[in-house]
Amino acid sequence: MVMSITGTLIQSYNICKRQTWLMAHQIIPDQEHQYIELGRLIDEESYDREKKKINFENVVLDLIKSEDGDIIVGEVKKSSKAQESARMQLAFYLYKLKQSGINARGVLMFPEERKRVSIELTPDIEKELEDMLEDIQRVILREKPPTFKKIGYCKNCGYKEFCFS
Ligand code: SF4
């Protein structure tokens with residue numbers, strides 16, 4: 001199975017690889033846990049240069065033009081608890097934009113915490129992403145999901161019922 005990697009898979013990979021496998025295999029999570037959004041393939045068509053928003057999967061990103069003409073992609077997050085996975089997810093969107101010929105910078109915004117984190121697609125981050133993409137393919141090509149290991153994130157995870165039964 002060769003499949004397109006989505007930002008949602010990137011995010012889950014940095015939290016729980018078992019979740020990545022379950023998502024990739026279209027196992028439907030408990031719908032009450034809204035923040036698990038099943039990844040949809042990136043719709044390249046949905047990017048429109050005229051618009052101020054871009055749509056990747058079911059994520060709407062704000063496009064902001066800075067004074068010096070750079071494009072900045074902003075993503076609002078509720079909390080910075082999973083900041084590392086959010087950082088890699090946004091870096092992945094920047095990476096996909098770059099592949100479409102659009103060089104952009106990113107900013108993660110946590111309005112409730114009055115915090116902003118800038119993300120730049122450096123060669124190191126690109127390398128990190130490429131290694132991650134390869135490893136995600138390895139994870140999802142496994143016949144079985146990685147074994148269940150309880151983590152703090154489980155209590156809010158849409159696969160809780162599945163994993164704990
Ligand atoms: S319940 Fe826990 S182990 Fe299972 S997919 Fe969710 S985070 Fe991973």
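For the range 97-121, a residue qualifies if it is in contact (Cβ under 8 Å) with a residue 24 or more places away in the chain and either crowded, with 20+ Cβ neighbours inside 10 Å or small (G, A, S) (or both), and the qualifying residues are L97, S100, A104, G106, L108, I119, L121. Tell me whether the range 90-97 contains one or more residues that are farther than 18 Å from Q11 by Cβ and in a helix (DSSP H, G or I). Within the range 90-97 (the criterion being farther than 18 Å from Q11 by Cβ and in a helix (DSSP H, G or I)), the answer is no, since none of the residues qualifies.
Residue-level check: of (1) surrounded by fewer than 20 Cβ atoms within 10 Å (Cβ to Cβ); (2) at pLDDT 80 or above; (3) under 17 Å from Y153 (Cβ atoms), T20 misses just (1). For I64, the conditions (1) surrounded by fewer than 18 Cβ atoms within 10 Å (Cβ to Cβ); (2) touching a Phe, Trp or Tyr at 6+ places or on another chain (Cβ under 6 Å) all hold with the exception of (2). Residues in the range 7-25 that are charged (D, E, K, R) and near the ligand (Cβ under 7 Å from one of its atoms): R18 alone. Checked against the criterion of being more than 15 Å from the ligand (Cβ to nearest atom), part of a helix (DSSP H, G or I) and either acidic (D, E) or within 16 Å of the chain's Cα centre (by Cα) (or both), the range 143-156 contains not a single residue that satisfies it.
The values are calculated or read from the model by the stated rules, or taken from the named source; none is laboratory data. Only a predicted model underlies this, so the values are computations on that prediction, with no experimental measurement involved. Note that we place each Cβ from the backbone using ideal geometry, even for glycine, and neighbour counts take in every protein chain shown.
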